[in-house]
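All remarks here apply to the structure that follows.
The values are calculated or read from the model by the stated rules, or taken from the named source; none is laboratory data. As the structure is a computational prediction, the values presented were derived from the model and not from experiment. Here the Cβ positions follow ideal geometry from the backbone for every residue, glycine too, while neighbour counts run over all protein chains shown.
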Amino acid sequence: MLPLLAVLILGVAWEGAVLVFEIPVYMFPALSVIWSEFLTNVGLVAGHTVATLGTVMGGFALSIAISVPLAVLIASSPLMANAIYPLLVLTQSVPKVALAPILVVVLGAGEVPRLVVTFLVAFFPLVTSLATGLLTTPADLIELGRSYKATWWQELVRIRFPSSVPFMFNGLKLAITFAVVGATVGEFVAADKGLGYQIMAATAFFNTPAAFGALVILSLLGIVLFQAVVIIEKVFFSWSTPMEADLQ
């Protein structure tokens, strides 16, 4: 109840500040105005939300598909780690807002550049978290598996991956949140639909309530997707957090 109360107090303060200080709508709209704008264009907003959600999930799935093999390579040997890590840091050093227009020129003004931008923003925390989990597997478990003549593949699947589940889900929680950011950045540069596009189009015509409405939906989308990952971890991998299970 405490977070809900905090949000309620924030909303009341927001609405009251706009009324008391008579802030113009085009500068800072009241929540009631934002809600009214949302109800007026609920169908259009729903379409933009679905488009953004598709980009987020596509980039997130791509980040998982590429991050897992990279993390395994990093954990396989120090040589591979020293070769791959500088490239990972390089990809994160390039501002995605600056990279997005170049991707549009190279890949065309379609869905692909937005997926690539979303992937580039989302995959780094997942790679580093999973690689850390694979490398910090308890040594006694590794020795036990080798004493039973476990192959490298058996050691990876039956020992290292289960041991790294908490690290992996920490990376997944960050990745799904960053994927929302990446999708929005991609839609800022080249898109004809999506919440990022809605924000750009609304601000171009000083329709600030519509822009704020899209911003609120983006925030809610990030929260919902984050909580979905949390629920998946608790339902399917509850054994990975025994201390939390005991407390519950």
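Residue 6 satisfies every condition listed in (1) closer than 20 Å to residue 197 by Cβ; (2) exposed (fewer than 11 other Cβ atoms within 10 Å of the Cβ); (3) not hydroxyl-bearing (Ser, Thr, Tyr) except (1).
Mind checking whether some residue in segment 149-163 is in contact with a Pro (Cβ under 9 Å, 6 or more places away or on another chain), among the polar types (S, T, N, Q) and under 17 Å from residue 75 (Cβ atoms)? Within segment 149-163, one or more residues are in contact with a Pro (Cβ under 9 Å, 6 or more places away or on another chain), among the polar types (S, T, N, Q) and under 17 Å from residue 75 (Cβ atoms). When residue 64 is tested against the conditions (1) buried (at least 17 other Cβ atoms within 10 Å of the Cβ); (2) farther than 17 Å from residue 164 by Cα, the lone failure is (2).
Pairs are defined by a Cβ separation below 6 Å, a sequence spacing of at least 6 or placement on different chains, a first member in segment 17-46 that is aromatic (Phe, Trp, Tyr), and a second member that is surrounded by 12 or more Cβ atoms within 10 Å (Cβ to Cβ) and in a helix (DSSP H, G or I); the pairs so defined are 26/208; 38/213. Please verify whether segment 31-46 includes one or more residues that are part of a helix (DSSP H, G or I), within 22 Å of the chain's Cα centre (by Cα) and at pLDDT 90 or above. The answer is yes; a qualifying residue exists. Residue check: is residue 183 modelled with pLDDT under 90, closer than 17 Å to residue 57 by Cα and either not in a helix (DSSP H, G or I) or not β-branched (Val, Ile, Thr) (or both)? Here the answer is no, as residue 183 does not meet what is asked.
Tallying residues that are exposed (fewer than 13 other Cβ atoms within 10 Å of the Cβ), in contact (Cβ under 8 Å) with a residue 12 or more places away in the chain and either over 10 Å from residue 160 (Cα atoms) or charged (D, E, K, R) (or both) within segment 124-143 yields 0.
Quick check, is residue 201 within 28 Å of residue 111 (Cβ to Cβ) and in a helix (DSSP H, G or I)? Criteria met by residue 201. Flag: residue 100 does not match the condition of being part of a helix (DSSP H, G or I), surrounded by 20 or more Cβ atoms within 10 Å (Cβ to Cβ) and either modelled with pLDDT of 90 or more or more than 23 Å from the chain's Cα centre (by Cα) (or both).
One residue stands out among those in segment 207-240 that are in a helix (DSSP H, G or I) and aromatic (Phe, Trp, Tyr): the one that is farthest from residue 41 (Cα to Cα), which is 239. For segment 108-134, filtering for residues that are at pLDDT below 90 and over 18 Å from the mean Cα position of the chain (by Cα) leaves 3. Candidates 145, 171, 133, 194: the one that is among the small types (Gly, Ala, Ser) and at positive phi is 194.
Each row is one residue, and each column tells you yes or no for (1) in contact with a Phe, Trp or Tyr (Cβ under 7 Å, 6 or more places away or on another chain); (2) under 15 Å from residue 177 (Cα atoms); (3) assigned to a helix (DSSP H, G or I).
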{"residue": "90", "(1), (2), (3)": "no, no, yes"}
{"residue": "109", "(1), (2), (3)": "no, no, no"}
{"residue": "116", "(1), (2), (3)": "no, no, yes"}
{"residue": "119", "(1), (2), (3)": "no, yes, yes"}
{"residue": "124", "(1), (2), (3)": "no, yes, yes"}
{"residue": "128", "(1), (2), (3)": "no, no, yes"}
{"residue": "132", "(1), (2), (3)": "yes, no, yes"}
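Residue-wise test of (1) without any contact (Cβ under 8 Å) to a residue 24 or more places away in the chain; (2) of a type outside the set (A, V, I, L, M); (3) touching a Cys at 6+ places or on another chain (Cβ under 8 Å).
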| site | (1), (2), (3) |
| --- | --- |
| 64 | no, no, no |
| 98 | yes, no, no |
| 111 | no, yes, no |
| 120 | no, no, no |
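Here the condition is being farther than 27 Å from residue 101 by Cα, free of Cβ contacts under 8 Å to residues at least 24 places away in the same chain and buried (at least 19 other Cβ atoms within 10 Å of the Cβ); of 199, 223, 231, 159, it holds for 159 alone.
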